[in-house]
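For reference, the structure discussed in these notes is given below.
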Amino acid sequence: MYRNLFNRIKDLLVKPAKAWEIIVSERSSINYILMTFSLPLIGAYSLAIFLGYLFGHQEWDFSSALKFAVFIFSACFFGLYMSYFILLKLIPIESMKSDKGLAFKMIAYSSLPIYLLGIVTALIPQTFFFFFLVIYAAYIIWEGLKVMRVNVDQRSWQTVVLSVLVLLMPYGLHKLLIYLSRFAL
């Protein structure tokens, strides 16, 4: 299972057009994509946040490290689903309206740079300046829409909208959870 995960990550990063050709032709359910791709990466990102917080602060504050790891997991997981539902309901991409699995694939696989760069910056905080590379998600989306045969005019604005959606939804949910935790007892 993990060999397939690492191959999928490598293909999406190195040659996204070829990866999307394989992804589009696959018959996989949303649960399968979650189990084999999204949840392992979200879990690794959450673990990296936990370890980075635990070892990066002078005091060993287990409860705060756990809280931030849960916030990251929740923001990424619910951000994935919220982005998926917004894509289905608000963004008119014909190939994805007829195939809901394809819409979920677009959101799930294009979130890869967020998870990978989040893991790196959580474990090595000095590399925070690399986080701007999450915009590589836009290229992954661009290539995915090209494989889905979306014409160039629509592909441009759909890439921008999907990129903003994929990149800002987890970030916004994370900030909301941190804000709401200030009011908790």
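The values are calculated or read from the model by the stated rules, or taken from the named source; none is laboratory data. Just so it is clear, the structure is predicted and the values come from calculations on it, not from any experiment. Quick reminder, even Gly has a Cβ in these numbers, built from the backbone with ideal geometry, and neighbours come from all protein chains shown. In case anyone asks, the SASA skips ligands and DNA or RNA and just uses the protein heavy atoms, side chains included. Shrake-Rupley method; radii C 1.70, N 1.55, O 1.52, S 1.80 Å.
Laid out as a table, the results:
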quantity	calculated
Subset of region 149-185 [more than 24 Å from Val70 (Cβ to Cβ) and buried (at least 18 other Cβ atoms within 10 Å of the Cβ)]	Val150, Arg155, Gln158, Thr159, Leu162, Ser163
Near pairs, Cβ below 6 angstrom, 6+ apart or cross-chain, from region 164-175 (touching a residue at least 12 places away in the same chain (Cβ under 8 Å)) to any residue that is outside any helix (DSSP H, G or I)	Val166/Ser111
Close pairs from region 30-46: first free of Cβ contacts under 8 Å to residues at least 40 places away in the same chain and closer than 19 Å to Lys100 by Cα, partner assigned to a helix (DSSP H, G or I) and open to solvent by less than 20 Å² (accessible area, probe 1.4 Å), Cβ under 7 Å, at least 6 apart	Thr36/Leu5
Inter-residue pairs, beta-carbon under 8 Å, first closer than 14 Å to Ile140 by Cα and in region 100-122, second among the small types (Gly, Ala, Ser) and not in a helix (DSSP H, G or I), 6+ apart	Lys105/Ser28
Ile91, sole failed condition from (1) more than 17 Å from the chain's Cα centre (by Cα); (2) closer than 22 Å to Met148 by Cα; (3) open to solvent by 30 Å² or more (accessible area, probe 1.4 Å)	(3)
Residue that is in a helix (DSSP H, G or I), polar (S, T, N, Q) and free of Cβ contacts under 8 Å to residues at least 12 places away in the same chain, where the choices are Gln126, Gln158	Gln126
Candidates Ile140, Ile135 - the one that is among the β-branched types (Val, Ile, Thr), part of a helix (DSSP H, G or I) and touching a residue at least 40 places away in the same chain (Cβ under 8 Å)	Ile140
Region 1-26: number of residues that are among the basic types (Lys, Arg) and in contact with a helix residue (DSSP H, G or I) (Cβ under 8 Å, 6 or more places away or on another chain)	2
